[in-house]
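What follows is calculated from the coordinates using simple rules that are stated; it is not laboratory data. Predicted model, so just to flag it, every value in this text is computed and none were measured. So basically every Cβ, Gly included, is an ideal-geometry build from the backbone, and we count neighbours across all protein chains shown.
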Amino acid sequence: MGWLEGQVALITGGTGGIGSAIVRRYVAEGARVAVMARDDEQLQALHAELGDAVITIQGDVSRYQDNQRAVAATLEAFGKLDTFVGNAAVFDYFTRLDRVAPEDFESAFQRLFAINVQGYLLGARCSIDALRASRGSMIFTLSNSAFYAGGGGILYVTAKHALVGMVRQLAYELAPEVRVNAVAPGATNTPMKSLEGLNQHSVPLNQIPGFEDGAAQAVPLQRIAEPADHAGHYVLLASRENSGLTTATIIHSDGGWEIRSAGPRKDRKA
Ligand SMILES: NC(=O)c1ccc[n+]([C@@H]2O[C@H](COP(=O)([O-])OP(=O)(O)OC[C@H]3O[C@@H](n4cnc5c(N)ncnc54)[C@H](O)[C@@H]3O)[C@@H](O)[C@H]2O)c1
């Protein structure tokens, strides 16, 4: 028996690096999963791989109607919703405030926050009734950028910090029926894309020269995360049997980012 036998989840950004690892692990744990993402070809590939355990919804998380359609499709296909996973987001390619042309800032802010913050809130809003009915839970993908500077640029880091407040407030508002938690990954080997038009030098995250080595050296556990490294945390938080009294909790999955300033262990031979 898997930890999520008989459960139903809706995962946004489920074709991406971290999202597809969560989808695969949820299916392996016995769940049926609705996957919402932007790219239809990637959605079809995931469906071909996982079969009837998944349905796919092509849409844009920043739009209310698309979130509403995703929840409706989940209920129609599987009859209920136990877990909403808000995960879709875009990066800002480490772009500093003074590197965004002032006349472009308003649009850049609105577009990134529409996906990374409003997208989570819209998904949550559209899921509330179904999750109350199932006494289910929400899980959001945050980041070490929800707590520390330097892992992104001004827009990404500000948006991820805002989500700490969102998790706490939603957990407060939705108790006792719905638990609300999050996972905060550190640097992960994915092709995470940046907001279109924000930075002309932008490339997918794992194509940045030296990204993997730099990320590994920055943390005490000395390696970059692979997407599957985080997936078990999402299983734990979705499982009523194993985390039924856990809400407003953010699990760090980042190689020890918080203690990195202590440097490598002094007693360890190279
Ligand atoms: N890769 C990292 O180093 C890292 C570190 C910490 C946190 N994260 C977070 O992990 C989550 C997943 O990122 P990833 O690294 O897997 O990136 P990714 O680019 O591989 O996946 C992003 C997914 O989101 C979807 N998406 C993007 N914009 C969308 C939109 N407007 N509407 C619908 N779907 C949309 C894409 O289709 C894709 O499925 C994000 O919340 C990201 O901030 C990533």
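Data table
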| quantity | calculated |
| --- | --- |
| Positive dipole terminus of the range 8-256, leading residue within Phe94, Ser243, Ser62 (C-beta point charges) | Ser243 |
| Globularity ratio of the range 1-152, using Cα Rg and 2.2 N^0.38 Å | 1.09 |
| Listed residues Ala28, Leu4, Ala48: farthest to the positive end of the dipole of the range 1-70 (Cβ charges) | Leu4 |
| Partners for Lys80 among aspartates and glutamates (Cα-Cα distance below 14 Å; same-chain residues under 8 apart left out) | Glu5, Asp129 |
| Surrounding net charge for Ser143, when Lys and Arg each add one and Asp and Glu each subtract one, Cβ distance under 9 Å | 0 |
| Net lengthening on full extension, Asp60/Leu121 (0.36 nm per residue, minus Cα-Cα) | 20.6 nm |
| Gln207-Ala262 FRET efficiency (beta carbon distance; Förster radius 25 Å; 0.05 resolution) | 0.20 |
| Mean ellipticity per residue at 222 nm, deg cm²/dmol - from DSSP H runs of n ≥ 4 across the chain, formula -39500 (n - 2.57) | -12500 deg cm²/dmol |
| Potential extension, Met1-Phe105 segment - 0.36 nm per residue separation minus Cα distance | 32.4 nm |
| Electrostatic dipole magnitude of the range 180-266 [Cβ: Lys, Arg +1; Asp, Glu -1; Cα centre; debye, to 20] | 220 |
| The range 1-104: GluC sites (Glu not before Pro) in DSSP loop, at most 13 other beta carbons within 10 Å | Glu5 |
| Estimated D of the chain in µm² per second, where Rh is the Kirkwood radius over Cα pairs and Stokes-Einstein applies at 10 °C, 1.306 mPa s | 84 |
| R0 of 45 Å, Cβ-Cβ distance Asn242-Gln217: FRET efficiency to nearest 0.05 | 0.85 |
| Cα centre as origin, Lys/Arg/Asp/Glu Cβ charges: the chain dipole, Debye | 740 |
